[in-house]
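Nothing in this text is a laboratory measurement; each read-out follows from the coordinates by a stated rule. No experiment lies behind these values; they were computed from the predicted model shown. Here the Cβ positions follow ideal geometry from the backbone for every residue, glycine too, while neighbour counts run over all protein chains shown.
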Amino acid sequence: MSEVLKETYTSPCLAIVVPCYNEASVLEKTTEHLLAVLDDMQVLIGPNSRILYVDDGSKDDTWDIIKQQHEADSRVTGISLAHNSGHQNALVAGLETAVRISDFIVTIDADLQDDESVIPSMVSLALEGNDIVYGVRSSRATDTWFKRTTAQAFYRLMSGMGVQTVYNHADFRLMSRRAVEALLDYGERNLFLRGLVPLLGFRQAQVEYARRVRLAGESKYPFGKMLGLAFDGVTSFSMKPVHMVLWIGIAFLLASIGIALWVFVCLIQHKAITGWASLMLSIWFCSGCVLIGLGIIGEYVGKIYIEVKHRPRYNIKDERL
Ligand code: UDP
Ligand code: MG
């Protein structure tokens, strides 16, 4: 590094964005672990580096605890959303706040199931010129069989539907300021960050870690919410379901032409039509397919409806920065 550069070089500022929904039972440990990580990285990052909690409209003491922790250590900061806006929106709220004050932003879940000790490696990779560093789970041994199987089915479904995601990567990643700014430019309401980030381009890298068990509390992603996320992921990024409906429709049309020909042949041969059961069955079957098709198209129309309204993703009620 030249002398001039050395003089003007100041260590980059890191923000660790942590969405929290009813995480009061885990926050003490989370803060302890993350502050220890910040301490360990003193040579890499500037003194203004911090934790930024995003209280996603929690109903427990989460925000009170964050305020207390902020009093005790100014590196603990937070914003409180006016209502529960969902994990993805909470992340965006954190990114929008953090991007104003930091050079690099790491997002990590409050339960520290993702190993915070790889954050220094993420920062080193970022300092080497990577704009996005994904945390990738090398092992899911601590997850329940159900969580593991459904999560893997989810990644397969996404790639089957043509949505580019990083296998076994959730929302534990580091992004540079310009990558976050590019991400925030996307501005869509139906958020599926895991699908958007790979689209950004820039230089990208990965670090691996073994997923751990929750430090405390329960999962805030029950099966229903997970299905919702998968559905959002597919319908926000892929037109394949609509194409599939079209092809199924064409196949049915061809089949019905075949059946019509067969009925015609039967008529000519004066054979009585005895197929009441098959007739009823096909009516039900076809109506079912039509309804599924309508449902899928309705889902896309609904998404357009939400996008055109352009409602704010979240409202901030309070902040400690
Ligand atoms: N979360 C959130 N808003 C929600 C649901 C979850 O901010 O509506 C946060 C939650 O506090 C946690 C992260 O999102 O920090 C991931 O949730 P969780 O660990 O419960 O999901 P899992 O790891 O079980 O998939
Ligand atoms: Mg978790």
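The requirement of being within 19 Å of Pro198 (Cα to Cα), away from ligand 2 (no atom under 16 Å from the Cβ) and surrounded by fewer than 20 Cβ atoms within 10 Å (Cβ to Cβ) is fulfilled somewhere in the range 147-155, by at least one residue. Sub-6 Å Cβ pairs linking a first residue in the range 87-98 that is in a helix (DSSP H, G or I) to a second residue that is crowded, with 23+ Cβ neighbours inside 10 Å and of a type in the set (D, E, K, R), at least 6 apart or interchain, are Ala90/Asp56, ordered by first then second residue. Quick one: would you say Leu229 is part of a loop (DSSP other than H, G, I, E, B), in contact (Cβ under 8 Å) with a residue 24 or more places away in the chain and either of a type in the set (S, T, N, Q) or within 16 Å of ligand 2 (Cβ to nearest atom) (or both)? It is false that Leu229 is part of a loop (DSSP other than H, G, I, E, B), in contact (Cβ under 8 Å) with a residue 24 or more places away in the chain and either of a type in the set (S, T, N, Q) or within 16 Å of ligand 2 (Cβ to nearest atom) (or both).
Per the listing Val99, Val133, Val118, the residue uniquely under 23 Å from Lys29 (Cα atoms) and away from ligand 1 (no atom under 11 Å from the Cβ) is Val118. Restricting attention to the range 237-296, the residues that are charged (D, E, K, R) and more than 26 Å from Tyr155 (Cβ to Cβ) total 1. Tell me, please, whether a residue that is within 16 Å of ligand 1 (Cβ to nearest atom) and touching a helix residue (DSSP H, G or I) at 6+ places or on another chain (Cβ under 7 Å) can be found in the range 174-188. Among the residues of the range 174-188, not one is within 16 Å of ligand 1 (Cβ to nearest atom) and touching a helix residue (DSSP H, G or I) at 6+ places or on another chain (Cβ under 7 Å), which makes the answer no. Within the set Arg156, Arg194, the sole residue that is farther than 26 Å from Val123 by Cα and of a type in the set (D, E, K, R) turns out to be Arg156. Do we find that Glu218 is of a type in the set (Asp, Glu), in a loop (DSSP other than H, G, I, E, B) and farther than 17 Å from Ile108 by Cβ in this structure? Yes, satisfied.
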